[in-house]
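Read the structure below first, then the notes.
The values are calculated or read from the model by the stated rules, or taken from the named source; none is laboratory data. Treat the numbers as computed from the prediction; the structure is a model and nothing was measured. Backbone-built Cβ (ideal geometry, glycine too); neighbour counts: all protein chains shown. Ligands, DNA and RNA are stripped out before the accessible areas are found, and what is left, the full protein with its side chains, is counted by its heavy atoms. Shrake-Rupley method; radii C 1.70, N 1.55, O 1.52, S 1.80 Å.
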Amino acid sequence: MPLKYLKERLDEDQFKKIEKIENEALHEFLEKYIEVCNPSRVFVVTDSDDDEVYVRNRAIMYGEERLLITPGHTVHFDNYYDQARDKEHTYVLTPEGEKLPYIRTMKRDTGLKEIHDLLIDSMKGKEMFILFFSLGPKDSPFMIPAVQITDSAYVAHSELMLYRKAYDVFVRNPNIDFMKFVHSEGELDERKTSKNLEKRRVMIDLEGNVAYAVNTQYAGNTIGLKKPAFRLTIYKALKEGWLSEHMFLMGVNGPDGRVSYFTGAFPSMCGKTSTCMLVGERLVGDDLSFIKNINGEARAVNVENGVFGIIQGVNKEDDPYIWEVLHSPKEIIFSNVLVHEGRPYWNGMGEEIPCEGENHSGKWWCGKKDKDGNEIPPSHKNARFTARLEYFPNLDRDALNAKDGVKLSGMIYGGRDSDTWPPVCEAFDWTHGVVMKGASIESETTAATLGKEGVRKYNIMSILDFLSVHIGDYLRNYLEFGRKLKNPPKIFAVNYFLRDENGNFLNSKLDKKIWLKWMDLRVHGEVEAIETPIGYIPKYEDLAKLFREVFDREYTREDYEKQFTIRVPKLLEKIERIRKIYSEMYGIPEEVFKQLDAEEMRLKEARKRFGDYISPFKFYTS
Ligand code: SPV
Ligand code: MN
């Protein structure tokens, strides 16, 4: 009897919290992992403020977080070699370990055995936290209830800031179905960071609706509700016919107080955060969106309730909202930054950084090298901040809390592309957009990632790292989703990284605001556009007007012409690359190849008429 077992293992006050929830599956789940992980105490986190304060205090008491000078601010360090998602050791468990393109899979039985062996006694002498959340707004058609078990007070604390607490949902709804997350940071070293990194594992059990992480603390591996859950929700969305996407959600302010909502998918470090945080627009979410068909309309919500954002490069001028949040006395966890005299510092903050302190490598000084001889920067390039969305002055609160989500006007896809796509382009229709924009995203590697710079990497919908289903099935569901909508969102592609033949960027950082304003006008049918072989692009006159209105800036015909030139050879090369990728997989929907062929034909015809590099003005009258 699970409840009997729990009564024996839990203190009376903690057991009472569990007893209030009538849910056999939950009781069995807790019994199983208390037995396996064998913690010395268990704390059940309800929705009360007291419980939250308890978790926060434990994070400090156990040394996983340390107080900084500003009230509410703490710092957390991950192991020097535990600074990012561990793709190598993340597995999607499939019945027989079937291969899926671009996904690391493992036979379910084997994976479950491996992870459970690692979990045995993993919490001995430690405290287990049990937490209840809702992915998406509570009591909404989007809600997915979830339970997290973890022995990390830092992980529990982070989740309380990033997700909607939902203990009450479990109490009110006996036997509600839920997603499950089990995490143990494993043995810690003297700096309170995970020690046995060679035994670091993340396992996604689709069939059991459980995700596991062990011997790691880095949030991208351990915060069950974030990326581990994402693999489970992608699978669930496929089964149920909706979309779970790696997308921000934002509102763009149009004329006369109108707001249009957009989602946006970008690989990391390609402008995702800077787009949804644009000054004067409305932030709803920065990382994950659920999109459902509600009465024939595509409606979207933010899965989360907070931001786990990259801190490198955040400065006063470019990121005023984030800067303001990071400098207010609010609850913020800084991770893997440099700390000197109780203050956090990070690369690219636009202020002088001290030459000593403590960072992810321990005691740090300017010029310090790691054991491979690499110079250690003040903060890790993936150093982050964790903050609640409610702190952001640009938050669209109503949209965040709307139970039916917001009506989606458009979906944006972007990547780092120096020479192929124009700055903004609207797809002809849903199918064209899904295939030729979303499923064709490529992004060039940057100095920030390991390996060679400027190498184009295929990254379908910017979701490749997280896919848990076959790409063909994923695409079929996407295509089908749009077909069932009365009026599908318009699909746009953007490219903030286009360069001229001398390698100079053709746009300034803020031009993206103009593209968004143009999209808003397009979704309301208020401006015309020019038809090109790859989709609709803006008319010069409309952009010039927007640049004038928004920035009081002149936008020249020369700039427009350079930016929106249709680069036929580059576009054809891209089609070749994408076609090759999809032809090497099985089970890809026929539409994918049809769209690629049709676009190739259009490009070749245009080349016959106008040549290789075609001025946008050429398409004005034709
Ligand atoms: C990303 O890398 O896409 C992130 C950070 O949002 S992580 O939580 O590590 O996935
Ligand atoms: Mn992300």
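The packing ranking, built from the mean of other Cβ atoms within 10 Å per residue, places the peptides 495-507, 563-575, 539-551 in the order 563-575, 539-551, 495-507, highest first.
A straight line joining the Cα centroids of region 509-524 and region 191-235 runs 37 Å.
Heavy-atom accessible surface of the chain, averaged per residue, reaches 40 Å², computed with a 1.4 Å probe.
Each residue of region 84-101 was assigned a 3J(HN,Hα) from its phi angle through the Karplus curve 6.51 cos²θ - 1.76 cosθ + 1.60 (θ = phi - 60°); the sequence is 7, 4, 8, 5, 3, 10, 9, 10, 8, 8, 10, x, 10, x, 3, 6, 10, x Hz, with glycine and proline shown as x. Between the helical axis of 568-583 and the longest alpha-carbon principal axis of the chain there is an angle of about 40 degrees. Within the accessible surface of region 308-388, defined with a 1.4 Å probe on protein heavy atoms only, the carbon and sulfur portion equals 47 percent. For the chain, CYS37, CYS270, CYS276, CYS425 stand unpaired, since no other cysteine beta carbon lies under 4.7 Å from theirs. When a 1.4 Å probe is rolled over the protein heavy atoms, the share of accessible surface on region 462-545 that falls to carbon and sulfur comes to 46 percent. Positive end of the dipole of the chain (Cβ unit charges, origin at the Cα centre): among SER158, GLY405, LEU479, the Cα lying farthest that way belongs to LEU479. Taking only Cα atoms, what is the 0 to 90° angle, nearest 10, from helix 512-523's long axis to the longest principal axis of the chain? Taking the Cα atoms of the chain, the angle to 512-523 is about 80 degrees.
What is the angle, in °, between the Cα long axis of helix 108-119 and the longest principal axis of the Cα atoms in the chain? Nearest 10 is fine, range 0 to 90. Rounded to the nearest ten degrees, it is 50.
Using 0.36 nm per residue and subtracting the Cα-Cα separation, the extra length available between TYR586 and LYS403 on full extension is 62.0 nm. With 21 Å as the limit on Cα-Cα distance, the pairs of LYS32/LYS113; LYS272/LYS316; LYS126/LYS330; LYS138/LYS407; LYS452/LYS562 that go past it are LYS126/LYS330; LYS452/LYS562. The alpha carbons of region 374-496 stretch over 55, 37, 31 Å along the principal axes, in descending order. Would region 38-98 count as rounded, prolate or oblate if I go by the C-alpha gyration tensor, calling it rounded below 1.5 in a/c and otherwise prolate when a/b exceeds b/c, oblate otherwise? Oblate, because a/c is 1.5 or more while a/b does not exceed b/c.
With both labels modelled 7 Å from their Cα along Cα-to-Cβ, the GLU561 to ARG577 distance reads 2.8 nm. Mean residue ellipticity at 222 nm, helices only, the chain: -9000 deg cm²/dmol; runs of at least 4 DSSP H residues each add -39,500 (n - 2.57), and the sum is divided by the number of residues. Over all directions, the projected convex hull of the C-alpha atoms in the chain averages 27.5 nm² in area. Residues LEU188, LEU249, sorted by accessible area with the largest first, give LEU188, LEU249 [1.4 Å probe; ligands and nucleic acids excluded].
Using a simple spin-label model with pseudo-atoms 7 Å out from Cα toward Cβ, ILE120 and LYS371 lie 2.8 nm apart. Using the Cα gyration tensor of region 457-497, with a ≥ b ≥ c the square roots of its eigenvalues, what is the shape: rounded (a/c below 1.5), prolate (a/b larger than b/c) or oblate (neither)? Verdict is oblate for region 457-497. The order of the peptides 511-523, 31-43, 69-81 by mean Cβ neighbours within 10 Å, most packed first, is 511-523, 69-81, 31-43. Looking at the square roots a ≥ b ≥ c of the eigenvalues of the Cα gyration tensor of region 308-388, which shape do they give, rounded for a/c under 1.5, prolate if a/b is larger than b/c, or oblate? Verdict is prolate for region 308-388. FRET efficiency for the pair VAL455 and LYS87, taken as 1/(1 + (r/R0)^6) with r the Cβ-Cβ distance and R0 = 22 Å, rounds to 0.85.
Of the residues LEU119, PHE428, ILE149, the one whose Cα sits farthest towards the positive end of the charge dipole of the chain is PHE428 (charges of +1 on Lys and Arg Cβ, -1 on Asp and Glu Cβ, taken about the Cα centre). The slack between ILE294 and ASN487, meaning 0.36 nm per residue of separation minus the straight C-alpha distance, is 68.3 nm. A 1.4 Å probe over all protein chains sorts LYS457, LYS239, LYS99 by accessible area into LYS99, LYS239, LYS457, starting with the largest. Label separation (VAL36 vs SER328): 4.1 nm, computed from points 7 Å beyond Cα along the C-beta direction. The residue among HIS76, LEU135, LEU464 whose Cα reaches farthest toward the positive pole of the charge dipole of the chain, with charges on the beta-carbon of Lys, Arg, Asp and Glu, is LEU464. Rounded to the nearest 20, the Cβ-based charge dipole of the chain about its Cα centre (Lys and Arg +1, Asp and Glu -1) stands at 1060 debye.
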